[in-house]
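The values are calculated or read from the model by the stated rules, or taken from the named source; none is laboratory data. Since we're looking at a predicted model, the values are computed, not measured. Note: ideal-geometry Cβ built from the backbone for every residue, glycine included; neighbour counts use all protein chains shown. Accessible surface areas use protein heavy atoms only, side chains included; no ligands, DNA or RNA. Shrake-Rupley method; radii C 1.70, N 1.55, O 1.52, S 1.80 Å.
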Amino acid sequence: MGRSAEEIKKDIESGNTALGIEFGSTRIKAVLTDGTTAPIAQGSYEWENRLENGIWTYSLEDIWKGLKDCYADLAADVKKQYGLTLKKVGAMGVSAMMHGYMAFDKAGNLLVPFRTWRNNITEEASEKLTDLFGFHIPQRWTIAHLYQAILSGEEHVKDIAFFTTLAGYIHWKLSGEKVLGIGEAAGMFPIDSTIMDFDQKMLDQFDDLHHFDWKLRDILPKVLVAGESAGVLTAEGAKLLDPTGTLQPGVPMCPPEGDAGTGMVATNSVAVRTGNVSAGTSIFAMVVLEKAMQKVHEEIDMVTTPNGMPVAMVHCNN
């Protein structure tokens, strides 16, 4: 037996709900769940990346228009189904297409257009870092984009104060927190699952490769595992999501994750020796391992579950 509309309305009015927002490659999706975690309303917004100067990108305007329109579509669905204005939610989280590169200066300005995971422009960096670390660094990973920019002598690199992924950027603007869920962080830079953080030896090895004023750890987001607090929706963040001012701030937020991490959770494939396959704008298979692999396999990418367990991933652009 499903729950009655009256029971669901009580959850909406009391804020016994959770809001999930996902930035996919072709659609932004918002889902509201009730106190039993059942979906009760949804919204969406279709968008398309564009090829500019040889780079696959979405503009900041695309990102924020998409987020607002997607949330407005969700709020309209709540109104249509239950006759209620959505004013508060109990918890929320953001996920987005993994990897890619968004670099910011001290003032928070984006230094170069967002480089998405679709850009296979970092072959030299990918090969050199894989050799250096003894760990496979795919072309789409954030650190490969950063090192390629260094190798190519890009002017913006000296000015980087913070770099992150799309999910990390949106979470930062909604909460003020420069953090990342460990599964998504694993697509920025290799993770040491024994300490649930970036691999310190590899961080030191990378800093030996450049002569900029920054140290890599200082410009990376802080790594969080599932269940840790990642801040709350600020008043400024609530306005970005809902310009009408109806949505109340103060919503607890979970660490922002990548779409592979949310896929593992949605398919209940988070435990060791479980796996899943995703066929979307890219296609990939993932298996949760008992321990990290001992040697490099260039066809296998090492990421993690949202609670930090090592995951072997085979990924193909579609």
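Phi angles of segment 293-298 translate, via the Karplus equation with coefficients 6.51, -1.76, 1.60 and θ = phi - 60°, into HN-Hα couplings of 5, 7, 9, 6, 10, 5 Hz per residue; Gly and Pro are given as x. Near the amide H of Ala41, within less than 5 Å, lie the amide hydrogens of Leu32, all on another chain or at least 5 residues away, with H placed in the peptide plane.
Within a straight-line Cα-Cα reach of under 17 Å, Lys10 can be paired with the following lysines, leaving aside sequence neighbours fewer than 8 residues apart in one chain: Lys79, Lys80, Lys87, Lys88.
Think of a 1.4 Å ball rolled over the protein heavy atoms: the chain then has 45 Å² of accessible area per residue. Taken as Cα centroids, segment 165-232 and segment 81-102 sit 22 Å apart, rounded to the nearest whole angstrom. For the chain, rounded, prolate or oblate, judged on the Cα gyration tensor with a ≥ b ≥ c (square roots of eigenvalues), a/c < 1.5 rounded, else prolate if a/b > b/c? It is prolate, given that a/c is not under 1.5 and a/b is the larger ratio. What translational diffusion coefficient, in µm²/s and rounded to a whole number, does the Stokes-Einstein relation yield for segment 137-198 at 20 °C and a viscosity of 1.002 mPa s, taking the hydrodynamic radius as the Kirkwood radius over Cα pairs? Value of D from the Cα-based Kirkwood radius: 168 µm²/s. Per-residue packing, averaged as other Cβ atoms within 10 Å, sorts the ranges 33-40, 257-264 into the order 257-264, 33-40, beginning with the highest. Given a Förster radius of 30 Å and the C-beta distance between Lys158 and Thr274 as r, what FRET efficiency does 1/(1 + (r/R0)^6) yield to the nearest 0.05? After rounding, the FRET efficiency stands at 0.10. Rolling a 1.4 Å probe across all protein chains gives Val225 an accessible area of roughly 30 Å². For segment 1-118, the square roots a ≥ b ≥ c of the C-alpha gyration tensor eigenvalues yield an a/c of 1.5 or more together with a/b exceeding b/c, which makes the shape prolate. Share of carbon and sulfur in the accessible area of the chain stands at 51%, probe radius 1.4 Å. Dividing the mean sequence gap of close Cα pairs (under 8 Å, 6+ apart) by how many residues the chain holds gives a relative contact order of 16 percent.
Per-residue ellipticity at 222 nm, computed for the chain from helices alone with -39500 (n - 2.57) per DSSP H run of at least four residues, works out to -8500 deg cm²/dmol.
For Asp197, nonlocal amide neighbours, meaning residues 5 or more places apart or on other chains whose placed amide H falls under 5 Å from its own, are Asp192.
Taking θ as phi - 60°, what are the ³J(HN,Hα) couplings along segment 51-67 by the Karplus curve (6.51, -1.76, 1.60), each to the nearest whole Hz, with x for Gly and Pro? Values, residue by residue: 9, 10, 6, x, 10, 6, 8, 10, 7, 4, 4, 4, 4, 6, 5, x, 5 Hz.
Ignoring lysines fewer than eight residues from Lys222 along the same chain, the ones with Cα atoms less than 16 angstrom from its Cα are Lys173, Lys178. What the phi angles of segment 131-148 give under the Karplus curve with 6.51, -1.76 and 1.60, with θ = phi - 60°, is a coupling list of 5, 5, 7, x, 8, 5, 10, x, 4, 7, 5, 4, 5, 5, 5, 5, 5, 5 Hz, glycine and proline written as x. Over all other residues within a Cβ to Cβ distance under 13 Å of Lys68, the charged ones net out to -2, with Lys and Arg as +1 and Asp and Glu as -1.
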